[in-house]
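A quick write-up on the structure given underneath.
The values are calculated or read from the model by the stated rules, or taken from the named source; none is laboratory data. Since the model is a prediction, treat every value here as computed from it, not as a measurement. Reconstructed Cβ throughout: ideal geometry from the backbone, glycine too, with neighbour counts over all protein chains shown. Just the protein is used for accessible areas: all its heavy atoms, side chains included, with ligands, DNA and RNA removed. Shrake-Rupley method; radii C 1.70, N 1.55, O 1.52, S 1.80 Å.
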Amino acid sequence: MVQELLIAAVGAASVAVIYASAAARVVKQYERGVVLRLGRLRRDVRGPGFTMIVPGVDRLRKVNMQIVTMPVPAQDGITRDNVTVRVDAVIYFKVVDAASAVVQVEDYRFAVSQMAQTSLRSIIGKSDLDDLLSNREKLNQGLELMIDSPAVGWGVQIDRVEIKDVSLPETMKRSMARQAEADRERRARVINADAELQASKKLAEAAKEMSEQPAALQLRLLQTVVAVAAEKNSTLVLPFPVELLRFLERAAPPQQEAAPERSAEKPQPPAWPQQPPAVTSLPDSSDAGPLTRH
């Protein structure tokens with residue numbers, strides 16, 4: 001009799017151990033347990049720690065409540081200004097309602113991934129290239145709203161969506177580089193022209209001051225000589241502008257007019273006779289008388 005009682009007690013203990021091992025569950029701190037009893041949802045969501053279920057009747061589904069980081073595959077699209085781009089992103093989300101994440105959607109991770117890809121392609125088609133490159137914060141907010149709207153019914157909350165990279169064709173990169181270079185050159189020319197205008201105004205003021213004091217121009221010339229001589233060159237060639245001489249001539253005080261000099265009379269050349277002198281003709285020998293010889 002005692003032996004039978006011991007055998008029954010051992011059997012009951014074995015059954016209890018087997019039942020306890022089959023019914024015992026441990027839910028971690030970052031998880032929640034959703035119990036389905038005969039396929040029907042139990043409203044009490046099991047918290048972290050040790051919990052028991054009915055073996056063969058209940059089924060416990062553990063749902064991770066941590067923030068999930070999911071990369072969104074790169075999507076090819078055409079922007080509103082007809083530029084082909086390739087954009088990838090990353091999404092941060094977490095489950096806030098474990099029961100809805102189990103019942104309302106088959107696989108909430110896959111659903112969120114597909115919704116993120118679809119929303120990303122939609123954002124690419126609605127945006128310009130400049131917005132994708134420089135106004136990402138606004139696009140991230142719009143993308144987050146597009147994904148969060150259906151995810152609320154799944155018990156999922158979208159924390160943040162970030163566009164990671166925007167890949168452009170090589171031709172577009174070269175065009176943008178030329179555009180940036182042209183814009184830089186334009187600004188450099190504008191700055192240079194502005195500097196020339198300011199310098200011309202200052203030079204005009206300096207010329208006005210120097211016109212009142214002619215010696216200032218000579219001092220400025222000497223300062224130029226000193227500045228050039230500071231280089232310690234062996235040969236110094238200093239051009240002297242003709243305009244400086246004209247400036248000094250105009251700036252010089254007017255002098256008294258000198259008496260006009262009398263022009264020296266030039267000696268007149270001897271006047272030749274109008275007619276040549278008469279030539280005395282010798283008597284002809286035929287007219288002369290006979291010669292007498294002594």
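Across region 147-182, the qualifying residues are those that are over 27 Å from VAL63 (Cα atoms) and assigned to a strand (DSSP E or B), and the one among them that is modelled with the highest pLDDT is ILE163.
Select from region 39-51 the residues that are open to solvent by less than 80 Å² (accessible area, probe 1.4 Å) and either over 21 Å from LYS94 (Cα atoms) or not in a loop (DSSP other than H, G, I, E, B) (or both) and list them in ascending order.
Scanning region 39-51 gives GLY39, LEU41, ARG46, GLY49, THR51.
Answer yes or no as to whether VAL87 is at pLDDT 90 or above, closer than 20 Å to THR171 by Cα and either out of contact with any Phe, Trp or Tyr (no Cβ under 9 Å at 6 or more places or on another chain) or surrounded by fewer than 15 Cβ atoms within 10 Å (Cβ to Cβ) (or both). Against the criterion (at pLDDT 90 or above, closer than 20 Å to THR171 by Cα and either out of contact with any Phe, Trp or Tyr (no Cβ under 9 Å at 6 or more places or on another chain) or surrounded by fewer than 15 Cβ atoms within 10 Å (Cβ to Cβ) (or both)), VAL87 qualifies.
Does ALA89 fit the bill of being among the small types (Gly, Ala, Ser), in contact (Cβ under 8 Å) with a residue 60 or more places away in the chain and out of contact with any Leu (no Cβ under 7 Å at 6 or more places or on another chain)? Talk me through it step by step, then tell me what you get.
Details: among the small types (Gly, Ala, Ser): yes; in contact (Cβ under 8 Å) with a residue 60 or more places away in the chain: yes; out of contact with any Leu (no Cβ under 7 Å at 6 or more places or on another chain): no.
Against the criterion (among the small types (Gly, Ala, Ser), in contact (Cβ under 8 Å) with a residue 60 or more places away in the chain and out of contact with any Leu (no Cβ under 7 Å at 6 or more places or on another chain)), ALA89 does not qualify.
Regarding region 55-74, can at least one residue be identified that is polar (S, T, N, Q), crowded, with 17+ Cβ neighbours inside 10 Å and under 30 Å from MET146 (Cβ atoms)? Before the answer, list the steps.
In the first step, residues of region 55-74 are kept if they are polar (S, T, N, Q); the result is 64, 66, 69.
From what is left, the residues that are crowded, with 17+ Cβ neighbours inside 10 Å are none.
The answer is no; no qualifying residue exists.
Residues of region 90-114 that are touching a strand residue (DSSP E or B) at 6+ places or on another chain (Cβ under 9 Å), in a helix (DSSP H, G or I), within 19 Å of THR69 (Cβ to Cβ) and open to solvent by 40 Å² or more (accessible area, probe 1.4 Å): ARG109 alone. The residue that is farthest from TYR108 (Cα to Cα), counting only those in region 53-69 that are out of contact with any Lys or Arg (no Cβ under 7 Å at 6 or more places or on another chain) and not in a loop (DSSP other than H, G, I, E, B), is ARG59.
Has region 92-106 got at least one residue that is more than 22 Å from VAL34 (Cβ to Cβ) and of a type in the set (Ser, Thr, Tyr)? Among the residues of region 92-106, at least one is more than 22 Å from VAL34 (Cβ to Cβ) and of a type in the set (Ser, Thr, Tyr), which makes the answer yes. With respect to GLN117, is the statement that it is within 24 Å of ARG80 (Cβ to Cβ), modelled with pLDDT under 90 and not in a strand (DSSP E or B) true? Judged against the criteria, GLN117 is not a match.
Just one of the listed residues (THR171, THR118) is open to solvent by 50 Å² or more (accessible area, probe 1.4 Å), of a type in the set (Val, Ile, Thr) and over 30 Å from TYR92 (Cα atoms), namely THR171. Taken together, ALA23, ALA16 contain a single residue that is at pLDDT below 85 and in contact with a strand residue (DSSP E or B) (Cβ under 7 Å, 6 or more places away or on another chain), which is ALA23.
Of note, GLU144 satisfies the criterion of being in a helix (DSSP H, G or I), under 30 Å from SER100 (Cα atoms) and open to solvent by less than 60 Å² (accessible area, probe 1.4 Å).
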